[in-house]
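Single-structure report; data block below.
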Amino acid sequence: MEMETKKKVLSCIQPSGMLTLGNYLGALKNWLNMQEEFDCTFAVADLHAITVRQEPAKLRQQIYSTYALLLALGLDPEKSTLFIQSHVAAHSQLSWLLSCYTQFGEMSRMTQFKDKSAKHADNVNVGLFSYPVLMAADILLYKPDFVPVGADQKQHLEIARDIAERFNGIYGDVFTVPEPYIAKTGARVMSLQDPTKKMSKSDENLNSWVAILDSPDDIMRKFKRAVTDSEARVCIGEEKHGINNLIGIYSAITGKTAEQITAEFEGKGYGDFKLAVGEAVVEELRPIRERYDAIIKDKAALEVLYREGAQKAEYAARKTLAKAMKKVGFVL
Ligand code: TYM
């Protein structure tokens with residue numbers, strides 16, 4: 001009974017390359033925190049990954065790896081539904097339906113589409129354009145109350161809400177209109193080399209981002225090289241993008257406020273501060289990496305879990321899909 005009264009949470013992550021400290025602080029850490037209190041569904045969004053060209057063997061490996069990482073984080077398949085998006089056909093099906101209730105104009109305004117189409121000018125495919133509709137389907141199928149994401153996904157979440165409201169406006173109460181859940185710290189982790197840009201695994205400068213699975217030495221090296229400023233005082237400042245970012249990371253991990261952090265490093269240089277942030281990150285990620293190394297070795301056990309996860313997800317997803325199809329007028 002208790003399960004039914006819990007509020008619902010849904011989120012997904014793309015299996016595109018190594019996951020970063022940005023993914024961890026902006027999203028995954030919150031997923032873990034929400035696991036006890038909410039009825040959670042989390043997916044590896046593999047369908048989204050092919051909006052840019054992927055090498056098949058590498059993509060397959062990344063899907064396994066991302067699923068294993070969710071387990072290594074401490075997400076528990078007994079408590080949460082953990083699955084691979086393409087295993088539940090309802091995502092693609094609802095996506096088509098919803099695309100007929102989404103305007104070309106509103107998709108054209110998506111900043112991520114503009115950025116990505118500029119970056120992959122030789123492959124501006126229709127999937128890249130309609131990606132937010134698939135994301136809306138991912139969300140609306142599970143009727144979540146909250147969707148925990150980093151700040152970069154806010155616009156996509158707003159469009160999902162608009163689509164849900166539009167559909168409900170025509171056909172009655174089919175979808176739950178979800179609220180974004182964006183944490184106060186860690187929602188936008190910036191590049192360590194150009195802290196005016198978001199930390200991203202597609203950044204060619206490998207010192208600009210930290211992977212969740214990086215070795216302690218690599219993590220320390222990247223933090224030691226992090227770009228700062230010449231003021232040499234650990235405090236938030238309008239032009240102190242590098243230090244603001246490091247304070248944000250340290251705060252998201254330790255739970256300390258910016259004021260407490262400034263007090264802690266009063267009279268100390270940036271060198272000390274960078275070491276402290278690096279060490280905090282190393283210790284935060286160490287147990288995850290150790291668990292990951294064990295989990296990824298057992299593909300058979302992984303398969304049992306992702307198949308079971310897909311079955312659970314399918315049950316919920318099909319119900320919502322059937323309701324939406326019936327409302328539109330399909331024969332079921
Ligand atoms: P993706 O795979 O790019 O990122 C996964 C999550 O990590 C967050 N994130 C960050 N947070 C803070 N700082 C950063 N530098 C940073 N980089 C990434 C993202 O905001 C995200 O929460 N379209 C989504 C995946 C998706 C999805 C969904 C999310 C597909 N369907 C349904 C929620 C609900 C994406 O590409 O995230």
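The values are calculated or read from the model by the stated rules, or taken from the named source; none is laboratory data. Just so you know, these numbers come straight off a predicted model, no measurement behind them. So basically every Cβ, Gly included, is an ideal-geometry build from the backbone, and we count neighbours across all protein chains shown. Just the protein is used for accessible areas: all its heavy atoms, side chains included, with ligands, DNA and RNA removed. Shrake-Rupley method; radii C 1.70, N 1.55, O 1.52, S 1.80 Å.
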Ranking by accessible area, most exposed first, for ARG221, ARG53, ARG318 with a 1.4 Å probe: ARG53, ARG318, ARG221
Keeping all protein chains in place and using 1.4 angstrom, which order do CYS40, CYS235 fall into by accessible surface area, from largest down? CYS235, CYS40
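Quick one: pull the percent of accessible area on the stretch 1-71 belonging to carbon and sulfur, 1.4 Å probe, ligands and nucleic acids left out.
Its accessible area is 53 percent carbon and sulfur atoms.
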For the stretch 189-206, Karplus couplings with θ = phi - 60° (6.51, -1.76, 1.60), whole Hz, Gly/Pro x: 7, 9, 4, 6, 9, 9, x, 8, 10, 5, 5, 9, 5, 8, 5, 5, 7, 5
Restricting to bridges with both residues inside the chain, how much of the DSSP beta-bridge set is antiparallel, in percent to the nearest 5? 10
Take PHE330, project a point 7 Å from its Cα along the Cβ direction, then tell me which residues of the stretch 66-108 have their backbone nitrogen under 18 Å from it. 86-102
Per the stretch 206-293, sqrt(5λ) over the Cα gyration tensor eigenvalues, sorted largest first, in Å, gives 23, 14, 10
Calculate the length of the line joining the C-alpha centroid of the stretch 282-332 to that of the stretch 1-77, in whole Å. 9
The correct pair for the stretch 128-179, radius of gyration to one decimal and Dmax as a whole number, both in Å and from Cα atoms, is 10.6, 31
How large is Rg over Rh for the chain, taking Rg from the Cα atoms and Rh as the Kirkwood inverse mean of 1/r across Cα pairs? 0.98
Output ³J(HN,Hα) for the stretch 108-113: one whole-Hz value per residue in order, computed from phi by the Karplus curve 6.51 cos²θ - 1.76 cosθ + 1.60 with θ = phi - 60°, and x for Gly and Pro. 5, 8, 5, 5, 5, 5
What is the set of long-range amide H partners of THR81 at a cut-off below 5 Å, with H atoms built 1.01 Å from backbone N? CYS40, THR41, PHE42
Enter the accessible area per residue of the chain (Å², integer; probe 1.4 Å; all protein chains in place). 48
Take the Cβ-Cβ distance between ARG166 and VAL126 as r, set R0 to 22 Å, and report the resulting FRET efficiency rounded to the nearest 0.05. 0.55
Förster-model FRET efficiency, 35 Å R0, TRP96 and SER202, C-beta, rounded to 0.05: 0.80
When the accessible area of the stretch 206-293 is split by element with a 1.4 Å probe, what percent falls to carbon and sulfur? 50
Using Cα-Cα distances under 8 Å and only pairs 6 or more residues apart, what relative contact order does the stretch 206-293 have, in percent? 35
Work out how much length ARG286 to GLU36 would gain on full extension: take 0.36 nm times their residue separation and subtract the Cα-Cα distance, in nm to one decimal. 87.8 nm
HN-Hα J couplings of the stretch 249-257 from phi, Karplus 6.51/-1.76/1.60, θ = phi - 60°, integer Hz, Gly and Pro as x? 5, 5, 5, 5, 7, 8, x, 6, 7
For VAL124 the rounded accessible area (nearest 10 Å², probe 1.4 Å, non-protein molecules ignored) is 80
